[in-house]
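Visitor: Handing you a structure now.
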Amino acid sequence: MVKKRELYKISERSFLSKFMKTAGIIAEYNPFHKGHEYQIRYTKEKLKADYVIVAMSGDYVQRGTPALISKHVRAEMALRCGADLVLEMPVSISTASAEAFAMGGVSLLDSLGVVDMLCFGSESGEISALRELAEILVEEPKEYKKLLKSFLSEGLTFPAARSQALTEYFKNPRNFNGDDFDGVLTPLLNEVTQILNTPNNILGIEYCKALLRLNSQIRPVTIRREGMGYHETTVPEGDSASSSPDLQSSTDFFASATAIRSLIQNPGGGYSEAISDINNPVRNPDTKTANILSSQIPPDAFYVFKKALDSGEFLTENSLDSILSYCLMKENVESLSSYMDVSEDLARRIINQQNLLLSFSQSVSVLKTRELTQTRIQRALLHIILNIHTAPTQTPFARVLGFRRESSELLSQIKQHSRIPLITKLADAQNLLDSEGNQILSETVFSSNLYEKLLCLKTGRKFCHESQKQLIIL
């Protein structure tokens, strides 16, 4: 017989599950900055989400490089700035193409059984246009496929060919009912090229495609990406990006993650001395670079971020130089072709140019062609290093990096409704996962241990195995 108190607890939990509103965000946070904080706050304050779950890349990111700082540091920064739960995407997903990256992140959030909406930034800020394009790409009408094939045969990269094919497809009224074309698709035609030439819009379309393919009940919501462009390398000076409690402050000066990384990795323009001061805070703690960075990193996260910089706990792609040289020495065309993102043509090019390949970044420049983008080559080289051959179509587990204690009810609801295992301890994973899940997790653990080893070689500190790292609990 169930006691009254137990009945009350069951009733309360059902009530909370029914009425709580949970948003998902898919992110890299490379590194976490004020634009990311703005998104989380917007999701809670404007979209009225009770909880925010972040599906985050681990120690390697989609552009095919190591993350600037470790996944645990980035998870802590996000939790300190409003995220309730941070889950790690497997390395084979976080370093995959935009399509596979989006599907992996969306499937992870969808499988939890508690996410109501997916919030992402886009240059467009209009969900209707992104969904219209996603529907065409999922359905792949015959005329569109014909156009795509034609542009690919001209030697265009896939992104460029797809953009051209969609533009031409929308130009032809015969592909649509008259009312639809005049009322909805004519405005979209005017935007399609612009939409498909901007990175956050492209990723937003991929998120919508994934939701459609999964027949997910999650509702996509986009907010206009504010501040500097995604690939902008200049960090604005001053405190113009300071946060405001009512979200009304100007966001014109949010720097991109690319710009922040550029400032740290290639300080140039008079920043060299300042960077050395960041690593010697006692000598001059109030440097120009430190001030600029503090204007772009939220105050609640800046201490964690600066601590990593002060101790040298950050990596660049050239941290992989020696490992890449070693890995390529073992390969031939056939073996190289088995790695994810390595075509047979690229494999031959790697072998033929091997004597010219000196560093990670320089190798990318040598191997780049009209048909292959820089990020595609970076991903290919990273997959060779990490021994990654395929990516799963969906994420088979939810690995917790950290959470807020006050969000315990969220974890409780996930445990009740999730269709995939929730992993908080690596020691428990083997019994929770099938052989494919264990293989995917093993790849991720190996990759993170390599990241950790590179940090240790750089800083001289003691190695800490992935299985010994603690959850971030705030």
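Visitor: Any idea which of Ile388, Ile420, Ile384 is open to solvent by less than 20 Å² (accessible area, probe 1.4 Å), out of contact with any Cys (no Cβ under 9 Å at 6 or more places or on another chain) and hydrophobic (A, V, I, L, M, F, W, C)?
Guide: Ile388
Visitor: Tally time: how many residues in segment 204-219 are part of a helix (DSSP H, G or I), out of contact with any Gly (no Cβ under 9 Å at 6 or more places or on another chain) and open to solvent by less than 40 Å² (accessible area, probe 1.4 Å)?
Guide: The total comes to 5.
Visitor: Can you tell me how many residues in segment 82-130 are open to solvent by 10 Å² or more (accessible area, probe 1.4 Å), assigned to a loop (DSSP other than H, G, I, E, B) and among the aliphatic types (A, V, I, L, M)?
Guide: Residues meeting the conditions: 2.
Visitor: Within segment 442-471, track down each residue that is within 20 Å of Asn431 (Cα to Cα), of a type in the set (D, E, K, R) and open to solvent by less than 20 Å² (accessible area, probe 1.4 Å).
Guide: Of everything in segment 442-471, just one residue is within 20 Å of Asn431 (Cα to Cα), of a type in the set (D, E, K, R) and open to solvent by less than 20 Å² (accessible area, probe 1.4 Å), namely Glu466.
Visitor: Of all residues in segment 312-353, how many are outside any loop (DSSP other than H, G, I, E, B), without any contact (Cβ under 8 Å) to a residue 40 or more places away in the chain and of a type outside the set (A, V, I, L, M)?
Guide: Within segment 312-353, residues that are outside any loop (DSSP other than H, G, I, E, B), without any contact (Cβ under 8 Å) to a residue 40 or more places away in the chain and of a type outside the set (A, V, I, L, M) number 11.
Visitor: Scanning for something within 21 Å of the chain's Cα centre (by Cα), modelled with pLDDT of 95 or more, part of a helix (DSSP H, G or I) and not hydroxyl-bearing (Ser, Thr, Tyr), does segment 386-398 turn up at least one residue?
Guide: Checked segment 386-398: at least one residue is within 21 Å of the chain's Cα centre (by Cα), modelled with pLDDT of 95 or more, part of a helix (DSSP H, G or I) and not hydroxyl-bearing (Ser, Thr, Tyr).
Visitor: Ala23: within 25 Å of His389 (Cβ to Cβ) and either of a type outside the set (D, E, K, R) or in contact with a strand residue (DSSP E or B) (Cβ under 9 Å, 6 or more places away or on another chain) (or both), yes or no?
Guide: For Ala23, the condition - within 25 Å of His389 (Cβ to Cβ) and either of a type outside the set (D, E, K, R) or in contact with a strand residue (DSSP E or B) (Cβ under 9 Å, 6 or more places away or on another chain) (or both) - is not met.
Visitor: Within segment 399-420, count every residue that is closer than 17 Å to Val106 by Cβ and outside any loop (DSSP other than H, G, I, E, B).
Guide: Qualifying residue count for the region: 3.
Visitor: Regarding Lys44, is this residue among the basic types (Lys, Arg) and either surrounded by fewer than 24 Cβ atoms within 10 Å (Cβ to Cβ) or on the phi > 0 side of the Ramachandran plot (or both)?
Guide: Yes, satisfied.
Visitor: Would you check if there is a residue in segment 102-122 being in contact with a helix residue (DSSP H, G or I) (Cβ under 6 Å, 6 or more places away or on another chain), under 19 Å from Ser442 (Cα atoms), in contact (Cβ under 8 Å) with a residue 60 or more places away in the chain and not charged (D, E, K, R)?
Guide: Taking every residue of segment 102-122 in turn, at least one turns out to be in contact with a helix residue (DSSP H, G or I) (Cβ under 6 Å, 6 or more places away or on another chain), under 19 Å from Ser442 (Cα atoms), in contact (Cβ under 8 Å) with a residue 60 or more places away in the chain and not charged (D, E, K, R).
Visitor: Could you check how many residues of segment 395-410 are within 18 Å of Gln470 (Cβ to Cβ), open to solvent by 10 Å² or more (accessible area, probe 1.4 Å) and not small (Gly, Ala, Ser)?
Guide: 4
Visitor: Within the set of pairs 6+ apart or on separate chains, which have a first residue in segment 444-467 that is in contact (Cβ under 8 Å) with a residue 60 or more places away in the chain and assigned to a helix (DSSP H, G or I), a second that is surrounded by 14 or more Cβ atoms within 10 Å (Cβ to Cβ) and among the aliphatic types (A, V, I, L, M), and C-beta atoms under 6 Å apart?
Guide: Thr444/Val91; Ser447/Val91; Ser447/Leu386; Leu454/Leu315
Visitor: A further question follows. Scan segment 138-153 for residues that are crowded, with 18+ Cβ neighbours inside 10 Å and either in contact (Cβ under 8 Å) with a residue 60 or more places away in the chain or among the aromatic types (Phe, Trp, Tyr) (or both) and jot them down.
Guide: Tyr144, Phe151 - these are the residues of segment 138-153 that are crowded, with 18+ Cβ neighbours inside 10 Å and either in contact (Cβ under 8 Å) with a residue 60 or more places away in the chain or among the aromatic types (Phe, Trp, Tyr) (or both).
Visitor: Mind checking which pairs have a first residue in segment 191-219 that is basic (Lys, Arg) and a second that is open to solvent by 60 Å² or more (accessible area, probe 1.4 Å) and in a helix (DSSP H, G or I), Cβ under 9 Å, 6 or more apart or different chains?
Guide: Listed pairs, sorted by first residue: Lys209/Glu99; Lys209/Glu135.
Visitor: How about segment 341-356: which of its residues are aliphatic (A, V, I, L, M) and buried (at least 20 other Cβ atoms within 10 Å of the Cβ)?
Guide: The answer is Val342, Leu346, Ala347, Ile350.
Visitor: Related question: Which of the residues spanning segment 365-374 are open to solvent by 60 Å² or more (accessible area, probe 1.4 Å) and either of a type outside the set (Asp, Glu) or part of a helix (DSSP H, G or I) (or both)?
Guide: Ser365, Lys368, Arg370, Gln374, listed by residue number.
The values are calculated or read from the model by the stated rules, or taken from the named source; none is laboratory data. None of these values were measured; they are calculated from a predicted model. With ideal geometry, Cβ positions are generated from the backbone for all residues, glycine too; neighbour counts draw on all protein chains shown. When the accessible area is computed, the model is the full protein with side chains, heavy atoms only, and any ligands, DNA or RNA have been set aside. Shrake-Rupley method; radii C 1.70, N 1.55, O 1.52, S 1.80 Å.
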